[in-house]
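Colleague: What follows is a structure written as structure tokens; I'll ask about it next.
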Amino acid sequence: MRAALHVLATIVVLPYLVLACGFLILGHAISSGSLLSFFGTLLAHAVWIIPWGLIGFACAMVLVAALGIMPRFRWIGALCLCLFAAAALAVIIFITPSRVGWSELLFLLPCMFVLMFSAWLANVSRGSSRMNDRAKE
């Protein structure tokens, strides 16, 4: 059951990671100065993202989901998922110049649940992994 919930949590956090990456890329492009450098920065990011970024992002998400399936490494997958969710939340909340209202918090609620669940799962799985290692000795 924990493995299925971990995979579901990985799927839930994907749009938040994409949104956070989009905010970071757009913020970098906007800070470049002129309109020409804005488009140049976006083009430079697109040239890198299309061949390598998408493949790397997909491989990272599959790896995090696979780590959550294996009981021995579940705590590592949950820790990575917790870090991804925390980073996405931090970028989405702190990149906006305005105050975060109730509607934004409602939108971010699933990512917050993933953050809490993955932190709990990392804590529980790390403890059970230690118990299994001690039992084998």
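Colleague: With the condition kept exactly as written, say whether any residue in the range 26-44 is within 14 Å of Val7 (Cα to Cα) and at pLDDT 90 or above.
Modeller: no
Colleague: Considering only residues of the range 24-57 that are in contact with a helix residue (DSSP H, G or I) (Cβ under 7 Å, 6 or more places away or on another chain) and surrounded by 15 or more Cβ atoms within 10 Å (Cβ to Cβ), which is nearest to Gly68 (Cα to Cα)?
Modeller: Ile25
Colleague: Continuing with the same structure: Out of everything in the range 78-129 that is aromatic (Phe, Trp, Tyr) and over 22 Å from Met61 (Cβ atoms), what residue ends up being surrounded by the most Cβ atoms within 10 Å (Cβ to Cβ)?
Modeller: Only one residue fits best here, namely Phe94.
Colleague: If you take the residues of the range 11-25 that are free of Cβ contacts under 8 Å to residues at least 60 places away in the same chain and farther than 16 Å from Val47 by Cβ, which of them is nearest to the chain's Cα centre (by Cα)?
Modeller: Leu14
The values are calculated or read from the model by the stated rules, or taken from the named source; none is laboratory data. Just so it is clear, the model here is predicted, and its values are computed rather than measured. We place every Cβ from the backbone using ideal geometry, glycine too, and count neighbours over all the protein chains shown.
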